[in-house]
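Participant: Here it is: the structure, laid out below.
The values are calculated or read from the model by the stated rules, or taken from the named source; none is laboratory data. Small disclaimer: the values here were computed from a predicted structure and weren't measured. Cβ coordinates were reconstructed from backbone atoms using ideal geometry, including for glycine residues, and neighbour counts include every protein chain displayed.
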Amino acid sequence: MASFWRHFLLLSLVTSAVFTQCPNGGYGVPNENVCVYLFPDADFYYDVIHKCATVGGIPAKVVNIYENSFIYALVSSLTQKSSFIGVEKLINGTWTYADGTPLSYQNWADGEPKLKNNTSQCVLMDGGSGKWMTTDCSTGQPFICTVGNEKPPQQKCADGWVYNNRTNFCYFLQGFSYSDSLHWDMYNVTIAEANCKKMDAHLVSIHSEEENNFVLDLVHSNVKNESSAAPDHNPCGYLYAKIGLYGNGLVGSGSWTDGTPVDWTPFATSRGSYWHFAIVNDDYCDSKEWIGDERLSARFVCKKPSTSQTTKKQ
């Protein structure tokens, strides 16, 4: 019976409707210049943003009941999977679309939205009901993209950088590179910070669990097949990405290279001596943490203000 009503709803939407012709397997919302793309494979939300950009869109912006019903009919008929849509919680607790505009429509399930402090929260459309549910942005989920109803993009970060609308900063991951075509290039903290400064940035500073989750998503990796590229054939020992903290891991101790206060860390107790820190999130090494270590690292993360911040200062 549920399947009957889903198909009835879809037919009622498309009867006597005008369709948008959508490339690359998209579905046109009747009588609206909007295309919908379903991606059944799971990804972290910050990867979803980039993958939606490859079809020219953003995580699904659902602005009215008709779009919600159409997308729900597609999801329930084709994938049956709860999926990320483009609704995000800002630091101040308000919810916006992925393009930063305020919500014009909401379809929360009972008891939602569930607000959690210091966590990066995103939203799923329930594949069984079409209702919206909060979830952690760093959990892998199927996702939905839309093209056509997004706010015209403003270039807030240079190419190759990732914008975080919760912090209003840009982030750059220097990933694994191979100057000799065989082995990882390696960096100490001095060289890593110097490379960041060349881009008018510093090694990343992290000031909340939410920002930490963002950076963990950014550095996510799987070095299963990288043994020959790593020093000592030990990829798990060198895959870390340098961050800007020098300290013992406690709030209020040490310093960030950008001069901001050490007002958050993931540690409850001291790491002992002062160290330069690095971060990792790797499936093969089963490691998701900060580590104080003076070894060379194969990667580093830079951070700088977005263009909207620098424009305001001028």
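Participant: Scan the range 237-286 residue by residue and report those that are small (Gly, Ala, Ser) and either under 23 Å from Ala194 (Cβ atoms) or not in a loop (DSSP other than H, G, I, E, B) (or both). Talk me through it step by step, then tell me what you get.
Facilitator: To start, the set of residues in the range 237-286 that are small (Gly, Ala, Ser) comprises 237, 241, 244, 247, 249, 252-255, 259, 268, 270, 272-273, 278.
The answer is Gly237, Ala241, Gly244, Gly247, Gly254, Ser255, Gly259, Ala278.
Yes/no per residue for (1) of a type in the set (Lys, Arg); (2) more than 15 Å from Lys303 (Cβ to Cβ); (3) touching a Lys or Arg at 6+ places or on another chain (Cβ under 8 Å):
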| residue | (1), (2), (3) |
| --- | --- |
| Ile191 | no, yes, no |
| Leu203 | no, no, yes |
| Ser208 | no, no, no |
| Val215 | no, no, no |
| Leu218 | no, no, no |
| Lys224 | yes, yes, no |
| Ala229 | no, yes, no |
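Participant: If you don't mind, another one. Go through (1) without any contact (Cβ under 8 Å) to a residue 40 or more places away in the chain; (2) surrounded by 22 or more Cβ atoms within 10 Å (Cβ to Cβ); (3) of a type in the set (Gly, Ala, Ser) for Gly244 and report which single condition fails.
Facilitator: Among (1) without any contact (Cβ under 8 Å) to a residue 40 or more places away in the chain; (2) surrounded by 22 or more Cβ atoms within 10 Å (Cβ to Cβ); (3) of a type in the set (Gly, Ala, Ser), Gly244 violates only (1).
Participant: I would also like to ask the following. Name every residue in the range 191-241 that is of a type in the set (Gly, Ala, Ser), touching a residue at least 24 places away in the same chain (Cβ under 8 Å) and more than 16 Å from Ser287 (Cα to Cα), in order of residue number.
Facilitator: First pass over the range 191-241, keeping only residues of a type in the set (Gly, Ala, Ser): 192, 194, 201, 205, 208, 221, 227-230, 237, 241.
Narrowing the set further to residues that are touching a residue at least 24 places away in the same chain (Cβ under 8 Å) leaves 192, 201, 205, 208, 221, 228-230, 237, 241.
Ala192, Ala201, Ser205, Ser208, Ser228, Ala229, Ala230, listed by residue number.
Participant: Could I ask something else about it? Among the residues of the range 129-153, count how many are in contact with a helix residue (DSSP H, G or I) (Cβ under 7 Å, 6 or more places away or on another chain), modelled with pLDDT of 90 or more and not aliphatic (A, V, I, L, M). Quick ask: steps written out before the conclusion?
Facilitator: So the first thing to find is which residues in the range 129-153 are in contact with a helix residue (DSSP H, G or I) (Cβ under 7 Å, 6 or more places away or on another chain), and the list is 130, 137-138, 143-145.
Still in the running and modelled with pLDDT of 90 or more: 130, 143-145.
Among the residues that remain, those that are also not aliphatic (A, V, I, L, M) are: 130, 143, 145.
Result for the range 129-153: 3.
Participant: Can you pull out the residues in the range 118-128 that are part of a strand (DSSP E or B), touching a Cys at 6+ places or on another chain (Cβ under 9 Å) and either at pLDDT 90 or above or surrounded by fewer than 20 Cβ atoms within 10 Å (Cβ to Cβ) (or both)? Walk me through it before giving the result.
Facilitator: To start, the set of residues in the range 118-128 that are part of a strand (DSSP E or B) comprises 121-125.
Cutting the leftovers down to touching a Cys at 6+ places or on another chain (Cβ under 9 Å) gives us 121-122.
Across the range 118-128, the qualifying residue is only Cys122.
Participant: Quick check on my filter: what residues within the range 219-251 are of a type outside the set (Ser, Thr, Tyr) and closer than 27 Å to Asp263 by Cβ?
Facilitator: Keep residues of the range 219-251 that are of a type outside the set (Ser, Thr, Tyr), which gives 219-220, 222-226, 229-237, 239, 241-245, 247-251.
Once the filter is applied, which keeps residues that are of a type outside the set (Ser, Thr, Tyr) and closer than 27 Å to Asp263 by Cβ, the range 219-251 yields Val219, His220, Ala241, Lys242, Ile243, Gly244, Leu245, Gly247, Asn248, Gly249, Leu250, Val251.
Yes/no matrix, rows are residues, columns are (1) over 20 Å from Glu211 (Cα atoms); (2) surrounded by 15 or more Cβ atoms within 10 Å (Cβ to Cβ); (3) not acidic (Asp, Glu):
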site	(1), (2), (3)
Gly259	no, no, yes
Pro266	no, no, yes
Arg271	yes, yes, yes
Val280	no, yes, yes
Gly292	no, yes, yes
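Participant: Being surrounded by fewer than 17 Cβ atoms within 10 Å (Cβ to Cβ), among the β-branched types (Val, Ile, Thr) and either modelled with pLDDT under 90 or in a helix (DSSP H, G or I) (or both) is the requirement here; does Val75 meet it? Even if it seems obvious, please write down each step before you answer.
Facilitator: On the way: surrounded by fewer than 17 Cβ atoms within 10 Å (Cβ to Cβ): no; among the β-branched types (Val, Ile, Thr): yes; either modelled with pLDDT under 90 or in a helix (DSSP H, G or I) (or both): yes.
No: the conditions fail for Val75.
Participant: I've got another one for you. Restricting attention to the range 19-66, which residues are touching a residue at least 24 places away in the same chain (Cβ under 8 Å), among the aliphatic types (A, V, I, L, M), part of a helix (DSSP H, G or I) and under 26 Å from Glu211 (Cα atoms)?
Facilitator: Val48, Ile49
Participant: When the range 212-232 is examined, which residues are found to be assigned to a helix (DSSP H, G or I) and touching a strand residue (DSSP E or B) at 6+ places or on another chain (Cβ under 7 Å)? Step through it out loud before you land on a result.
Facilitator: In the first step, residues of the range 212-232 are kept if they are assigned to a helix (DSSP H, G or I); the result is 212-218, 227-229, 231-232.
Across the range 212-232, the qualifying residues are Phe214, Val215, Leu216, Leu218.
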